[in-house]
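The block underneath contains the structure these notes are about, expressed in structure tokens.
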Amino acid sequence: MQDYIIVGGGSAGCVLANRLSADPSNRVLLLEAGGPDYRNDIFSIPASYSRPFRTAHDWAFQTEAQKHLHNRALYWPRGKVLGGSSSINAMIYIRGNRLDYDTWRDLGNPGWGFDDVLPYFKKAEHNERGESAHHGAGGPLNVADLRSPHPYTLRFLESCRSLGIPANEDFNGTEQDGCGLYQVTQKDGRRCSTAVAYLAPAMDRPNLAVKTHAPVSRVLFEGQQAIGVAYRQCGEEREARAEAEVILCGGAVSSPQLLLLSGVGPAGHLREQGVDVVADLPGMGENLQDHLAVPLLTLTRKGASLLQAERPWHLLQFYLRKRGWLTSNVGEGGAFVRTRPGLDAPDLQFHFVPAAVEDHGLSEPAGHGYTFVPTLVSVASRGWIGLRSTNPDWAPRIEPNYLEADEDLEVLLAGCELSRQLADQAALVPYRDREYLPGPEVRTPEQLRDYVRAHAGTLYHPAGTCKMGVDDLSVVDPQLRVREVDGLRVVDASIMPTVIRGNTNAPTIMIAEKAADIILSGRPQVTKAASA
Ligand SMILES: Cc1cc2nc3c(=O)[nH]c(=O)nc-3n(C[C@H](O)[C@H](O)[C@H](O)COP(=O)(O)OP(=O)(O)OC[C@H]3O[C@@H](n4cnc5c(N)ncnc54)[C@H](O)[C@@H]3O)c2cc1C
């Protein structure tokens, strides 16, 4: 018997496993569907970040055919390994905009405004630049400057500046707007996932048990009380009981799926699927938001792209000096911009990749080049996740409804136009051979809109499917307790009421840090009546 069962050892789950087991009187069990990471090079060498895609370490989800994207079904990689998606992500360390968290607070979530959550970002962080008003030092998560930024990336930043986008030395400081190199979750030139940062140092604790290859199939209830989980390991069906709480950290796809499989969700949908209803929560799986991004590829005639990262020189640099292009997080530089006047915060984020990358890096590149990846970060479209089957081995239905809201398309159109202006700046022109995608035949705004529909893909940030709040569609309350039941919380990217403006790993780690504090401090809990 344990006090806490944590389902999913990803970005959030590893944080909780560490923080809850720090008190030796708490017995903690972490169940992870994937395997261990073992500091394997496939995860730890930054530039090889797409290598786990479509392997056993990837859930490799697929969305429904997207009506507004020429009926394409999009591939969604998600980490299936200790560290979860933090073991396969691009390591960009971004917190989002102050406005994002103040919006969460104003939606009825006291304690989640920016000034409330900043201490948790800092608690998590060891920023190699040192402690400051904005940054922490001494936390488990190592945040570093890129060791060997690619010359193309530096040219990209020059282009941004010549177009009037101001330099920003710290996207997580006073201002988010501007252009700069991203800081990365790396240590000594290698990936610092939450498995590395939080779980590895806690693995030897006698009060923490970690089981891998142990997918959880449902939460067990006695009445409305969550008492444990059913899971599989070594081909056997097993059960584990929790004396205090079950905490779901399966991520924005799997946490709602698991709750639906357990009878917590919209009663109509559950009955349709033949699942007994434990609690009727109409918002379960709703409110899905993701960052849609569109790649624009230029082929170069000067300089070698990141494709050469595995050349002997860079291998030597990496293994002898912990430097060189193998330390690249691929999306090295970027910018946050506002595509029209009157906005309170950026609606577009740039990612710049010093290589011509297609199909998530899974297709043979057309040659040396670079890729602009303008990304929508102020998302108006909303989607949902629902059951396809009651068999937990079947992926759920994922319907992001990309570009359902017209304004989302207009932001990406502006991003395409801005990318072309950047490519035309003096800093990048000498490198250009030709624009490869969209290509010279795509000129008018209407043609560019069509290009977006034909080529846009996920930037891997699904969120919001178990949203925190106090309205009828919220799934968890501001203490992250699942409404209408007891002994059950969700702690992962799914609780975001609105997806933040930026990459979602650091915010998810912050959520878990704060959740650990809420759980351990046992602070007076908001009653269901008060949160209804
Ligand atoms: C390819 C890619 C690139 C990205 N790049 C960046 C980036 O550069 N910067 C950034 O900030 N963010 C990035 N992200 C997003 C970020 O990594 C995620 O938002 C974050 O990791 C989500 O954390 P989570 O805890 O919600 O879920 P996850 O980290 O995905 O963890 C969920 C865990 O639960 C496990 N699990 C699921 N279901 C079950 C079950 N039934 N039983 C047991 N275990 C289960 C999974 O295997 C996984 O380990 C990227 C994501 C991807 C996929």
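The values are calculated or read from the model by the stated rules, or taken from the named source; none is laboratory data. Owing to the predicted nature of the structure, the values given are computational and were not obtained by experimental measurement. Cβ sites come from the backbone with ideal geometry, for glycine too, and all protein chains shown count toward neighbours. Heads up: the accessible areas ignore ligands, DNA and RNA and are worked out on the full protein's heavy atoms, side chains in. Shrake-Rupley method; radii C 1.70, N 1.55, O 1.52, S 1.80 Å.
Whenever you get a sec, compute what percent of the accessible area on segment 274-421 sits on carbon and sulfur atoms (1.4 Å probe).
48 percent
May I have the count of lysine pairs in the chain with C-alpha atoms under 19 Å apart, counting pairs 8 or more residues apart or located on different chains?
Going through the chain pair by pair, I get 8.
Where nothing but the Cβ of Lys and Arg (+1) and of Asp and Glu (-1) is charged, how large is the charge dipole of segment 1-148 around its Cα centre, in debye to the nearest 20?
About 440 debye.
How much length is gained if the chain between residue 470 and residue 421 is pulled fully straight, taking 0.36 nm per residue apart and subtracting their Cα-Cα distance, in nm to one decimal?
Here the answer is 13.2 nm.
Does segment 293-435 classify as rounded, prolate or oblate by the C-alpha gyration tensor (a ≥ b ≥ c root eigenvalues; a/c under 1.5 gives rounded; else a/b over b/c gives prolate, otherwise oblate)?
oblate
Cysteines of the chain lacking any other cysteine beta carbon under 4.7 Å?
Within the chain, the cysteines lacking a partner Cβ under 4.7 Å are 14, 192, 234, 249, 416, 466.
For segment 1-94, what percent of Cα pairs sit more than 17 Å apart?
57 percent
How high is the relative contact order of segment 92-244? Use alpha-carbon pairs under 8 Å, at least six apart in sequence, and give a whole percent.
Answer for segment 92-244 is 15 percent.
Once a ≥ b ≥ c are taken as the square roots of the eigenvalues of the Cα gyration tensor of segment 51-109, is the result rounded (a/c under 1.5), prolate (a/b larger than b/c) or oblate (a/b not larger than b/c)?
Oblate is the answer for segment 51-109, as a/c is 1.5 or above yet b/c matches or exceeds a/b.
Which value in deg cm²/dmol, rounded to the nearest 500, describes the helix-derived mean residue ellipticity at 222 nm for the chain, given -39,500 (n - 2.57) per DSSP H run of n ≥ 4 and division by the residue count?
Dividing the helical sum by the residues of the chain leaves -7000 deg cm²/dmol.
Can you give the convex hull volume per residue for the Cα atoms of segment 412-521, as a whole number of Å³?
147 Å³
Based on DSSP loop calls and a cut-off of at most 14 other Cβ atoms within 10 Å, the longest stretch of the chain free of exposed chymotrypsin sites (Phe, Trp or Tyr not before Pro) is what?
In the chain, the maximal stretch lacking such sites is 39-393.
So, with a 1.4 angstrom probe, what is the percent of accessible area on segment 137-222 that is carbon and sulfur?
Result for segment 137-222: 48 percent of the exposed heavy-atom area is carbon or sulfur.
What are the principal axis extents of the Cα atoms in the chain, in Å, biggest first?
68, 50, 45
Kindly state, to the nearest 0.05, the FRET efficiency for residue 521 paired with residue 484, given R0 = 41 Å and r defined as their beta-carbon distance.
0.95
Calculate the dipole size of segment 260-313 relative to its Cα centre from +1 charges on Lys and Arg beta carbons and -1 charges on Asp and Glu beta carbons; express the result in debye to the nearest 20.
The dipole of segment 260-313 has a size of about 660 debye.
Given the Cα-Cα distance of residue 363 and residue 321 and 0.36 nm per residue of separation, how much length would full extension add, in nm?
My answer for the length gained is 12.1 nm.
Of 283, 7, 427, whose Cα points farthest to the positive end of the dipole of the chain (charges on the beta-carbon: +1 Lys, Arg; -1 Asp, Glu; origin at the Cα centre)?
It is 427.
How many nm separate the modelled label positions at residue 434 and residue 212, each set 7 Å beyond the Cα in the direction of the Cβ?
4.7 nm
Grab the Cα-Cα distance for residue 170 and residue 70, subtract it from 0.36 nm times how many residues apart they are, and report the gain in nm with one decimal.
The residue 170-residue 70 span can extend by a further 32.2 nm.
Which of 92, 117, 104 sits closest to the plus end of the dipole of segment 87-127, meaning its Cα is farthest towards the positive end, when Lys and Arg get +1 and Asp and Glu get -1 on the C-beta?
Most positive-ward Cα: 92.
Starting from the Cα gyration tensor of segment 223-330, take the square roots of the eigenvalues, sort them a ≥ b ≥ c, and report rounded, prolate or oblate (rounded when a/c is under 1.5, otherwise prolate if a/b is larger than b/c, else oblate).
prolate
Could you give the dipole magnitude of the chain about its Cα centre, charging the beta-carbon of Lys and Arg +1 and that of Asp and Glu -1, in debye to the nearest 20?
1340 debye
Using the heavy atoms of the protein chains alone and a 1.4 angstrom probe, what is the accessible area of the chain per residue in square angstrom?
That works out to 37 Å² per residue.
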